[in-house]
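K.L.:
Shown below is the structure under consideration.
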């Protein structure tokens with residue numbers, strides 16, 4: 001059994017972080033047994049230190065930055081944080097499960113992930129504010145999030161990042177164009193199939209889907225925003241979600 | 001027979017553009033018969049209009065921007081500009097030649113190319129100045145290049161872009177770090193082989209090699225700069241060049 005540490009919110013059994021979604025997709029795709037332990041955002045550091053998960057990076061002030069997802073694999077004793085390192089570990093350890101990097105595409109997929117991450121500037125203003133206005137966080141986590149995340153947004157209150165009026169129209173178009181770059185890569189594929197490699201899912205699809213499912217969870221599936229996004233790029237994302245839906249189970 | 005239009009310089013039979021190198025690598029890799037026609041930089045627009053090559057983009061002022069490489073395929077009548085469109089054309093037309101996108105990786109490779117292009121900010125200051133100081137251009141092309149390229153560098157004379165002293169050391173390190181990001185993707189591959197997909201070359205390798213061969217040609221193979229680069233990233237680029245050398249023939 002593998003334990004997946006995911007970030008909780010005030011909604012029961014709701015995963016709202018793109019990073020932890022990547023790992024959930026991967027565990028489900030590989031058909032591995034796991035259960036989720038929900039951790040408050042404010043408690044990630046303490047949990048990581050207690051269990052010995054390595055920091056995934058550094059804060060601006062140089063102190064270690066602990067993040068989820070992290071997994072504890074009871075059968076091997078491995079304790080790993082960072083969605084990319086977890087994917088590599090699972091790929092190397094469970095050789096009889098479907099591969100995330102078929103045909104030796106690990107290197108190519110690392111570049112792809114960097115390219116996706118380079119197109120996410122416009123997205124945060126349409127996610128972070130809703131976490132606050134829709135009361136996703138407990139008071140403790142809200143305080144922590146404001147302390148460590150708001151400085152990254154120029155010290156603005158997260159609620160105030162949401163554009164409105166003409167600026168909202170402009171930024172919404174920017175978001176659509178950014179995500180359109182990713183859609184344009186998918187469109188280069190002339191073969192059948194909803195995935196980047198055609199008919200076989202790979203890490204790349206879970207990376208793209210994780211950012212989009214993040215939007216779906218935060219906005220709500222019935223929101224005007226989500227319904228608009230489903231029409232973008234010739235229904236590319238609607239098609240991808242239909243294909244990855246079976247890997248969204250919350251174990 | 002395919003005619004490859006490449007950009008000439010004052011050196012005989014010397015290709016110095018990364019874009020045209022991509023197409024040369026591809027033609028050689030696919031083993032297609034071709035011959036090169038050399039065109040002065042200043043004459044690219046007139047040639048493109050005369051032969052009916054489409055512009056590959058727009059200039060800042062909105063006017064069409066004609067670029068090389070372009071190919072004329074005598075056997076089909078196709079006339080195509082832009083290295084990526086040429087690659088797609090050759091891939092679709094010559095099905096019995098080695099594939100540039102094995103295992104349906106076309107979409108993944110498009111993202112990879114975008115990721116490589118995003119890491120080339122530091123490179124121009126170590127290429128453009130040498131084109132001038134080493135007198136690569138005829139007077140006519142020099143005049144044209146200054147008129148259309150120098151504005152993109154903030155109106156500076158190209159010679160003046162070359163950093164010196166402490167700034168040179170800093171920018172050289174920046175270049176090494178940028179190229180190191182690409183090396184880090186290669187390193188994700190745990191299998192044998194010099195290529196991004198392991199033992200099989202693909203478009204991705206020719207993209208990376210085209211930027212590096214550009215440096216090699218402009219600096220000179222015996223230059224201090226090139227000898228330094230060959231030691232970078234555990235000899236990654238020396239290894240790649242040993243592997244692509246057979247696709248560098250100038251037909």
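K.L.:
What nm value, rounded to one decimal, do you get for the distance between residue A:134 and residue A:89 when each label is placed 7 Å out toward the C-beta?
P.N.:
Roughly 3.0 nm, to one decimal.
K.L.:
List the relative contact order of chain B as a percent without decimals, with contacts defined as Cα pairs under 8 Å and 6+ residues apart.
P.N.:
Details: 306 pairs, mean separation 57.8, N = 251.
Relative contact order, chain B: 23 percent.
K.L.:
With a ≥ b ≥ c taken as the square roots of the eigenvalues of the C-alpha gyration tensor of the range A:71-162, please select rounded if a/c is under 1.5 and otherwise prolate if a/b is larger than b/c or oblate if it is not?
P.N.:
Values: a/c = 3.34, a/b = 1.77, b/c = 1.89.
It is oblate, given that a/c is not under 1.5 and a/b is not larger than b/c.
K.L.:
Nearest 0.05, what FRET efficiency do residue A:51 and residue B:249 give at R0 = 41 Å with Cβ-Cβ as r?
P.N.:
Numbers: r = 57 Å, r/R0 = 1.39.
Calculated transfer efficiency: 0.10.
K.L.:
So if I take the centroid of the Cα atoms in the range B:216-239 and the same for the range A:107-156, what is the distance between those two points in Å?
P.N.:
Answer, in whole Å: 40.
K.L.:
Moving on. Would you order B:113, B:224 from fewest to most other beta-carbon atoms within 10 Å of each residue's own beta-carbon? Please report the intermediate quantities before stating the final value.
P.N.:
Working: B:113 19, B:224 9.
Ascending Cβ contact count within 10 Å gives the list B:224, B:113.
K.L.:
According to the square roots a ≥ b ≥ c of the eigenvalues of the Cα gyration tensor, what is the shape class of the range A:87-215, taking rounded for a/c under 1.5, prolate for a/b larger than b/c otherwise, and oblate for the remainder?
P.N.:
oblate
K.L.:
Quick check: residue separation of residue B:117 and residue B:61 times 0.36 nm, minus the Cα distance between them. What number comes out in nm? Write down the numbers at each step before the final one.
P.N.:
Details: separation 56, 0.36 × 56 = 20.16 nm, distance 2.25 nm.
In short, 17.9 nm is gained.
K.L.:
Still on this structure, I have one more. On a C-alpha basis, how far is the centre of the range B:26-88 from the centre of the range A:1-46 in Å? Whole number, if you could?
P.N.:
That distance is 51 Å.
K.L.:
When only alpha-carbon atoms count, how far does chain A stretch along each of its three principal axes, as whole angstroms with the largest first?
P.N.:
Ordered largest first, chain A gives principal extents of 53, 49, 33 Å.
K.L.:
Then there is this: Counting alpha carbon pairs within less than 8 Å and at least 6 residues apart, what relative contact order, in whole percent, applies to the range A:2-100? Let's see the in-between values first.
P.N.:
Values: 148 pairs, mean separation 30.9, N = 99.
RCO, the range A:2-100: 31 percent.
K.L.:
Please compute the average number of Cβ atoms from other chains found within 10 Å of each residue's Cβ in peptide A:180-186.
P.N.:
3
K.L.:
For each of B:158, B:117, A:95, count neighbouring Cβ atoms within 10 Å of the residue's Cβ, then give the residues from fewest to most. Provide the component values of the computation, followed by the final result.
P.N.:
Details: B:158 21, B:117 12, A:95 7.
With the sparsest Cβ surroundings first, the list reads A:95, B:117, B:158.
K.L.:
Among A:88, A:228, A:96, rank each residue by its count of other Cβ atoms within 10 Å, from fewest to most, as a rough exposure measure. Could the numbers behind the result be given before it?
P.N.:
Values: A:88 19, A:228 12, A:96 6.
Result, fewest neighbours first: A:96, A:228, A:88.
K.L.:
Run the helix sum for chain B: -39,500 (n - 2.57) per DSSP H stretch of 4+ residues, divided by residue count, reported at 222 nm to the nearest 500 deg cm²/dmol.
P.N.:
Numbers: 10 runs with 118 residues, N = 251.
Result for chain B: -14500 deg cm²/dmol, rounded to the nearest 500.
K.L.:
Extending each Cα 7 Å along its Cβ direction at residue A:97 and residue A:43, get the distance between those two points in nm, one decimal.
P.N.:
Inter-label distance under the simple model: 2.5 nm.
K.L.:
Would you work out the relative contact order for the range A:115-247, in percent, from Cα pairs under 8 angstrom that are 6 or more residues apart? List each step's numbers first, then the result.
P.N.:
Numbers: 86 pairs, mean separation 32.0, N = 133.
Dividing the mean separation by the residue count of the range A:115-247 yields 24 percent.
Readers should treat all values here as calculations from the given coordinates under stated rules, not as data from a laboratory. Quick caveat, the model's predicted, so the values are computed rather than measured. For neighbour counting, all protein chains shown are included, and Cβ atoms are generated from backbone atoms with ideal geometry for every residue, glycine included.
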